[in-house]
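The values are calculated or read from the model by the stated rules, or taken from the named source; none is laboratory data. Model, not experiment: these values are computed from the prediction. Here Cβ is always computed from backbone atoms with ideal geometry, including for glycine, and neighbour counts include all displayed protein chains. Side chains are part of the model used for accessible areas, which takes the heavy atoms of the whole protein and leaves out ligands, DNA and RNA. Shrake-Rupley method; radii C 1.70, N 1.55, O 1.52, S 1.80 Å.
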Amino acid sequence: ADDRILWRIALHEAGHTVAGAALGLGEIESITITNESGEVQRRKMPHESLLSDIEAEITYSLAGRAAEKLVLGEVSAGAGGQEASDLALATRAAIHLETTLGLGHEGLVWHARPEAVHLQTPAIRDRVRQRLTRAEQRAGVLLAQHRDVLEALARDLVKRRSLRAGDIRHWLREITRTTTATADRCASQGACSESSNLE
């Protein structure tokens with residue numbers, strides 16, 4: 001396989017992994033890459049379905065793409081394509097925020113056919129696109145803060161092709177420690193808005 005393709009795939013999966021740790025989204029149980037694709041297995045943390053929780057999941061979905069952009073300067077089509085792709089998951093979550101969850105710009109609304117409403121309503125289409133753009137930018141900021149870990153993890157992936165929870169924890173320990181400390185500080189102060197510094 002072309003080394004450049006393998007490096008891009010490794011960076012992409014490492015991007016999801018590092019962003020997941022930085023966002024406190026649950027333990028990464030394994031990462032596997034092949035010459036064609038990669039996969040991250042994550043044990044999802046239960047959450048309250050707050051706007052911030054869903055935005056964090058969208059950011060996680062777009063972090064592979066953001067990692068490619070950060071390190072390689074341009075993105076591949078690897079985040080898109082099938083219905084289960086990163087971009088599909090992120091788009092669907094953003095559409096549901098605007099059309100069925102009562103957390104979007106229009107507030108208390110519910111549409112029976114969210115995808116159709118998205119396609120037929122330019123204002124909603126714009127807001128969905130803005131949400132995705134902001135989430136990708138947020139992922140880029142997080143990954144830039146941890147770029148050394150991102151690249152080291154990706155290099156290890158290229159070498160070994162598959163990493164399990166113990167190996168992954170080793171790479172993420174500094175990020176996880178920072179995330180936990182921030183969460184503890186927020187809990188003791190009563191509230192913390194982590195997204196406010198990215199507007």
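Side notes on the structure shown:
- For region 18-36, a residue qualifies if it is in contact (Cβ under 8 Å) with a residue 40 or more places away in the chain and under 26 Å from R129 (Cβ atoms), and the qualifying residues are V18, A19, G20, A22, L23.
- Considering region 45-61, and only residues there that are closer than 17 Å to A21 by Cβ and free of Cβ contacts under 8 Å to residues at least 12 places away in the same chain, the residue that is least open to solvent (accessible area, probe 1.4 Å) turns out to be D53.
- Region 16-44, subset more than 12 Å from the chain's Cα centre (by Cα) and polar (S, T, N, Q), residue most open to solvent (accessible area, probe 1.4 Å): Q41
- Note on region 62-80: residues that are in contact with a helix residue (DSSP H, G or I) (Cβ under 8 Å, 6 or more places away or on another chain), part of a loop (DSSP other than H, G, I, E, B) and open to solvent by 30 Å² or more (accessible area, probe 1.4 Å) amount to 3.
- Region 101-119 residues that are closer than 21 Å to E48 by Cβ and free of Cβ contacts under 8 Å to residues at least 12 places away in the same chain, paired with ones that are part of a helix (DSSP H, G or I) and not acidic (D, E) (beta carbon under 9 Å, 6 or more apart): V109/T99; W110/T99
- Selection count where residues are among the aliphatic types (A, V, I, L, M), under 19 Å from Q137 (Cβ atoms) and in contact with a Gly (Cβ under 8 Å, 6 or more places away or on another chain), scope region 75-104: 3
- Among the residues of region 89-101, those that are of a type in the set (A, V, I, L, M), open to solvent by 20 Å² or more (accessible area, probe 1.4 Å) and under 25 Å from E68 (Cα atoms) comprise L89, A93.
- Just one of the listed residues (G20, G26, G107) is outside any helix (DSSP H, G or I), under 27 Å from A165 (Cα atoms) and either in contact with a Gly (Cβ under 7 Å, 6 or more places away or on another chain) or of a type outside the set (S, T, N, Q) (or both), and it is G26.
- Within the option set L172, L150, being part of a helix (DSSP H, G or I), open to solvent by less than 50 Å² (accessible area, probe 1.4 Å), under 25 Å from V71 (Cα atoms) and modelled with pLDDT of 95 or more holds for one residue only, L150.
- Hey, L101 outside any helix (DSSP H, G or I), under 20 Å from R129 (Cα atoms) and modelled with pLDDT of 90 or more or not: yes
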